[in-house]
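Just below is one structure, and these are the notes that go with it.
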Amino acid sequence: MMSKTALVTGASSGIGLELAKLFAAAGHPLILTARSGDKLESLRKELVETHSVHVEVIVADLAEADAATKLADELASRKLVVDILVNNAGFGELGRFHEIDVERQVNMVRLNVLTLVHLTRLLVPEMIKRKSGGILNVGSTAAFQPGPNMAVYYATKAFVLSFSEALHEELLERDISVTCLCPGPTETGFGADSGMGDSAIFKSNAMGVEAVAQAGFEGLKNNRAIVIPGLKNRFGAFMTRLVPRFVTRKLVKRLQVPNES
Ligand SMILES: NC(=O)c1ccc[n+]([C@@H]2O[C@H](COP(=O)([O-])OP(=O)(O)OC[C@H]3O[C@@H](n4cnc5c(N)ncnc54)[C@H](OP(=O)(O)O)[C@@H]3O)[C@@H](O)[C@H]2O)c1
């Protein structure tokens, strides 16, 4: 995979930023995208200086309805070819379904689901023609069960996991790797942004972001369908197969309490 170009969405912070560093360290040219142009630009400088790789920055709001088309057009106008697509950008929100800002929920579905599918659909045909490529989708351990008090987020991640597993099988004979990285709580800006960061369950289980990114990077290299970093997280995901769903969802409801404002 030495000189293959990787496009990383949500590369301005957290897991996406760490993944970008790993791809750069392995010699991959990069295309970084997110809304925060200043952060992307300073990461670009750092990666060019440290790893001497070519890095392009595309500032974009991927929650916009036509975000994937716009991004693909920008790639085409810069004559950039994407060999590895890292669909990482995403966010969540703790709270009761009927109380969370509706615009935020719609944007969440657009970013976590719609843009991820649309961008993949626009870029995969070229990978198929070249008979090589890779897709790393960032799901979550939230994908393995319904999430009362975070209903939309859990559902978006269940979609990402199902979609990724199906594509993994479809694209096996095309020599295109598809991996779904399913982190549990991870020390990034996600905790504070989603309102989950202060909960005991999040704090006591949070993993370091480097280890999570490394697991995803290795998983894609070895074309593993699902990567769940951390023993506790793997155990939790496994238990959802043994425990009846009505029990699991009630447990999540008890553990995941909305912040009262
Ligand atoms: N941290 C966790 O506990 C955890 C656990 C499981 C799964 N995940 C998943 O991991 C992925 C990365 O999150 P993280 O933990 O690294 O959180 P983070 O540090 O908050 O990073 C989120 C990234 O997504 C980008 N992003 C957010 N909204 C965007 C938009 N509208 N358009 C374009 N980019 C946007 C952000 O960049 P800008 O703000 O610059 O746009 C940022 O680069 C997400 O899909 C998340 O669901 C996280």
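Relative to the longest principal axis of the Cα atoms of the chain, the long axis of helix 37-51 makes an angle of roughly 60 degrees. If you take the Cα centroid of the range 146-167 and the Cα centroid of the range 55-85, the two points sit 24 Å apart. Taking Lys and Arg as +1 and Asp and Glu as -1, the other residues whose beta-carbon sits under 14 Å from that of residue 125 total +2. 3J(HN,Hα) along the range 21-33, derived from phi through the Karplus expression 6.51 cos²θ - 1.76 cosθ + 1.60 where θ = phi - 60°, amounts to 4, 5, 5, 5, 4, 8, x, 7, x, 10, 10, 9, 9 Hz, with x in place of Gly and Pro.
Between residue 73 and residue 170, the modelled labels are 2.5 nm apart [label points 7 Å from Cα along Cα→Cβ].
Could you tell me how far the Cα centroid of the range 13-47 sits from the Cα centroid of the range 211-256, in Å? A separation of 26 Å, based on Cα centres.
Take 14-26, 87-99 and order them by the average number of nearby Cβ atoms within 10 Å per residue, most first; the result is 14-26, 87-99.
If r is the Cβ-Cβ distance from residue 96 to residue 35 and R0 is 35 Å, what FRET efficiency results, to the nearest 0.05? E(calc), rounded to 0.05, equals 0.80. Backbone phi angles across the range 158-164, fed through the Karplus curve with coefficients 6.51, -1.76 and 1.60 (θ = phi - 60°), yield HN-Hα couplings of 4, 4, 4, 5, 4, 4, 5 Hz in residue order; Gly and Pro are listed as x. Principal-axis analysis of the Cα atoms of the chain puts helix 67-77 at an angle of about 10° to the longest axis.
For the chain, the 222 nm mean residue ellipticity estimated from helices alone, with every DSSP H stretch of n ≥ 4 adding -39500 (n - 2.57) and the total spread over all residues, rounds to -14500 deg cm²/dmol. Both numbers refer to the Cα atoms of the chain; Rg and Dmax are 17.7, 53 Å.
Taking other C-beta atoms within 10 Å as the exposure proxy, 201, 58 rank 201, 58 from fewest upward.
Dipole size in debye (nearest 20) for the chain around its Cα centre, Lys and Arg Cβ +1, Asp and Glu Cβ -1? Using only the charged Cβ atoms, the result is roughly 820 debye. Between 237, 192, 225, the Gaussian network model of the chain with springs among Cα atoms under 10 angstrom shows the greatest mean-square fluctuation at 192.
Here's how it looks for residue 55: its modeled amide H is under 5 Å from those of 30, which are all 5 or more places away or on a different chain.
With an 8 Å Cα cut-off and a minimum separation of 6 or more residues, compute the relative contact order for the range 6-162 in percent. Result for the range 6-162 is 22 percent.
Residues 32, 172, arranged from fewest to most other Cβ atoms within 10 angstrom of their Cβ, appear as 172, 32.
Only the coordinates and a few stated rules stand behind these numbers; no lab work does. Predicted model only: the values in this text are computed from it and were never measured. Neighbour counts run over all protein chains shown; Cβ positions are idealised from the backbone, glycine included.
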